1. Mind running the shape call on the range 220-291? Use the C-alpha gyration tensor, a ≥ b ≥ c as the square roots of the eigenvalues: rounded below 1.5 for a/c, prolate if a/b tops b/c, oblate otherwise.
2. Between residue 101 and residue 317, what is the label-point separation in nm under the 7 Å Cα-to-beta-carbon projection?
3. What number, rounded to the nearest 500 deg cm²/dmol, is the helix-based mean residue ellipticity at 222 nm of the chain, given -39500 (n - 2.57) per DSSP H run of at least four residues and division by all its residues?
4. If you take the square roots of the eigenvalues of the alpha-carbon gyration tensor of the range 29-178 and sort them as a ≥ b ≥ c, do you get rounded (a/c under 1.5), prolate (a/b over b/c) or oblate?
5. Share of Cα-Cα pairs in the range 306-450 beyond 21 Å, in percent?
6. Label residue 347 and residue 152 with points 7 Å out from Cα along Cα→Cβ: what is the distance between them in nm?
7. Just to be sure I follow: if Rg is taken over the C-alpha atoms of the chain and Rh is the Kirkwood radius over the same atoms, what is Rg/Rh?
8. Per the Kirkwood formula on distinct C-alpha pairs, the Rh of the range 264-322 is how many angstrom?
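No lab work stands behind these numbers, since they all come straight from the coordinates. In this text, all values refer to a predicted model and were calculated from it rather than measured experimentally. Glycine gets a Cβ as well: all are built from the backbone with ideal geometry, and neighbour counts include every protein chain shown.
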Ligand SMILES: [Fe+2]
């Protein structure tokens, strides 16, 4: 049976709560704040007062609770949402395992898994191609590139890309393994979740927590982007330390959906990803039938153009941690599991400074995607939709031409990343690669590219020999070999 009634989150907005949204590009309304406890009703009065499970609910709805944390988690980390829905999630026809490409969807990144690869330390991919034939939706178009750990151990991460040409229609997805941070690069994502709808455009990010059902439609016909999945942790805002209470991503700029339900008694599939395997549940009603909900286990989106940059206004290049939008804790105190950063338009006004990133070898891995822009310098070899990965402690920095220019340029205030946005995935340890990542035709062989610098010191060898001689040290003693 087709959809016969649609409820709308606009009903909740009409009751006086502050909401954002409602534009031509994005018709949905959002509640604002990071980590808040929200409440939303698509029909007035469906949320019970003073208790969560009265004997009988308005309109004979079912109450259902989803816990995103263990019962005894400290109060500050306890996350749950109560849903009031037409049918409980248990109403389905059983689980059936689904075959999938194990080279292209990976959850076990242990070195004992024969389907993973230890890569050369620097790799580059051209943009994943948009499928030109067949019907490929977000689920079937999801390709794992690299990762660490696994969902069973409860610590780790995976970086995927998706490329799709079809909406999910009557298919929903549940990732039991980890939280998804989804960053579209091409095409908006019209995301329907149990708790309401979000429209996510390139330049925005979306977080859908583990266990929550969602589906993605493609209002622009195609979709491509990046996904970072974290196992055993939650995305959090970074501490601000000496910055004070403001700056970077503001909590009030995170947007969560308002309740939206459909009455739809037609055939649906719900695909579960659990410990790296896929299972399907068929059911004869929509999973998106939540009429009201309250809680703090809620998807959210964030427009990265709102990121408030902080940087040096005197001298020296600062660390990219200043661009952290979201971070996730590892079990090692003081060490993140993953940092998610944005590189976007800002000013550089530093004086007497070598302005590009200095030559460095960081313990953190760097993986980079480009949302939009045109930069394709030799040491920064990706285009929009491409992907760059480098392992822990790999040397990198500007190439010879950039170095030369940076040491001789006039240091006037300049815009960086104008009309460009890049995203940076950082993690404390090297990642391993999927077979898909190593073998896809979009890998461009950058790992074999030689990198040559000029030892300008040698241009001064006569002066240096003279200077050493003036203090009684002879080049013949072995201090200077030319
Ligand atoms: Fe770096």
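1. Prolate, since a/c reaches 1.5 and a/b exceeds b/c.
2. Rounded to a tenth, the inter-label distance reads 3.7 nm.
3. -1500 deg cm²/dmol
4. Note, shape of the range 29-178 comes out prolate.
5. For the range 306-450, the fraction of Cα-Cα distances above 21 Å is 49 percent.
6. Distance between the two pseudo-spin positions: 5.5 nm.
7. With Rh from the inverse mean 1/r over Cα pairs, Rg/Rh is 1.04.
8. 17.0
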